[in-house]
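Notes for the one structure printed next.
Quick note: the coordinates plus some simple rules give every number you see, no bench work behind them. Quantities reported herein were computed from a predicted structural model and do not represent experimental measurements. Cβ: placed from backbone, ideal geometry, glycine included. Neighbour counts: every protein chain shown.
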Amino acid sequence: MTLDEFRASLSAPAPPAGIAPVVAALWHDARGNWDEAHRLAQDVPDEEGGAWVHAYLHRKEGDEGNAGYWYQRAEQPVARDTLEAEWTRILTALLETR
């Protein structure tokens, strides 16, 4: 799946079939369902992107301390760009590995 295909799927009532839970978390986040995004992300192992998405979600929530913890677990620098730019960066990385 490409980034453009993923963005197009955001108008559908449900995430695309067969996507990884961590990618589904970003789908729910983009549709404004932070709680479902967080629920999905916290169950994904760190090495599969769960920690990075978890960090992004806590940054979006405004909980910088918790976000910092998850960035460290994800072995990613604390993001300083826009939330949209970070969302795109994470999604692009996840789609490339799937």
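Using only Cα atoms, what is the ratio of the radius of gyration of the chain to 2.2 N^0.38 Å? Numbers along the way, then the final one.
On the way: Rg = 12.3 Å, N = 98, 2.2 N^0.38 = 12.6 Å.
After normalising by residue count via 2.2 N^0.38 Å, the value is 0.98.
What distance in nm separates the two pseudo spin-label positions at Val78 and Asp46, each 7 Å out from Cα along the beta-carbon direction?
Going by the 7 Å Cα→Cβ label model, 1.8 nm.
If I fit a long axis through the Cα atoms of helix 83-96 and take the longest principal axis of the Cα atoms of the chain, what angle between them do I get, 0 to 90°, rounded to 10?
60 degrees
Compute the acute angle (0 to 90°) between the alpha-carbon long axis of helix 50-61 and the principal axis of greatest extent of the alpha-carbon atoms of the chain; round to the nearest 10°.
That helix lies at roughly 80 degrees to the long axis.
Rounded to whole Å, give me the distance from the Cα center of segment 14-32 to that of segment 47-75.
Spelled out, the Cα-based centre of one part sits 17 Å from the other.
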